[in-house]
Amino acid sequence: MNNLLHYKELDSTNAEAKRHIRGEHNRDGSFCVSDLYGTVVTAESQTAGRGRLGRSFASPGGGSIYASFILAPPDNPAEQHITAFAAVVVCLAIEKTTSYKPGIKWINDILVDGKKICGILAESVPGAVVLGIGININLNEGDLPDNAGSLVLDEVTRDKLFDTLAEEVMRCMAVSDSPDLMSEYLKRSVLVKKEVILLLKDEYPGNYIGVPAFCEGIADDGALIVQYENGSVEELRSGEISVRLV
């Protein structure tokens, strides 16, 4: 971690990271975006946290981790690959520092006891990727949506989790195209070899159609491999698709 920028409150750590990148671009041209690689923006709470598909991400604080990492663009820039990488990183950090055993719901929902405890949002900007990670810690049920959960950690373990998360992001980023990372993803997938419902965008804004399918596996680039009831098989890569377990 080259530089830590900490705030009590932000609209979102991703937005602040992008503001730093834009601000540097406006200088006299002597700056290189790579000078910001490894910078981490954190906040104690967010007023406008966001997740995939433009959804809001509740960020009331507690002891939660809200962090955005400014990273070099990976060799494989596909959204599903970056977010799959990030999901593995979060699981490794949680497993190394706590007793929790998280699972992954495609693409990047981190689940503990069936509840989503982490949000991940990767955004590409000129010369960099901003990887936002929010982990719910010590939050009450009333602070969260119905499908969300929270880790319960003491302060020492919480701080150790953040440090380990930062270490894992930097370590795994160097080998982000390694097949070992996808193997780690598959170990933690809660969808593989399960019946699922694909939520596909309808022609009407905000509406989704539920399509039953069977999850055959995950491709090397993070795409979801599904078989439909008619026997046809497809690899799904669109960021406009959500999945639910039957």
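Throughout, read-outs are computed from the coordinates displayed, never taken from laboratory work. For clarity, every value in this text was computed on a predicted model and none was experimentally measured. Glycine also receives a Cβ, built like all others from the backbone with ideal geometry; neighbour counts cover every protein chain displayed.
By the count of other C-beta atoms within 10 Å, a proxy for reagent exposure, PHE85, PHE214, PHE162 are ordered fewest to most as PHE214, PHE162, PHE85. Each of ARG22, ARG188 was scored by other Cβ atoms within 10 Å of its Cβ. Arranged with the fewest first, they read ARG22, ARG188.
Using θ = phi - 60° in the Karplus curve 6.51 cos²θ - 1.76 cosθ + 1.60, the 3J(HN,Hα) couplings for the range 119-130 round to x, 10, 9, 9, 10, 8, 10, x, x, 7, 10, 9 Hz; x is entered for Gly and Pro. Going by neighbour counts of Cβ atoms within 10 Å, the residues HIS20, HIS6, HIS81 line up, fewest first, as HIS6, HIS20, HIS81. Kindly identify the range 134-238 as rounded, prolate or oblate by the Cα gyration tensor criterion: order the square roots of the eigenvalues as a ≥ b ≥ c, call it rounded if a/c is under 1.5, otherwise compare a/b with b/c, prolate if a/b is larger, else oblate. Taking the square roots of the gyration eigenvalues as a ≥ b ≥ c, the range 134-238 is oblate.
Here's the list of lysines a cross-link from LYS115 could span, going by alpha-carbon distance under 26 Å and ignoring same-chain residues fewer than 8 apart: LYS96, LYS101, LYS105, LYS160, LYS187, LYS193, LYS194, LYS201.
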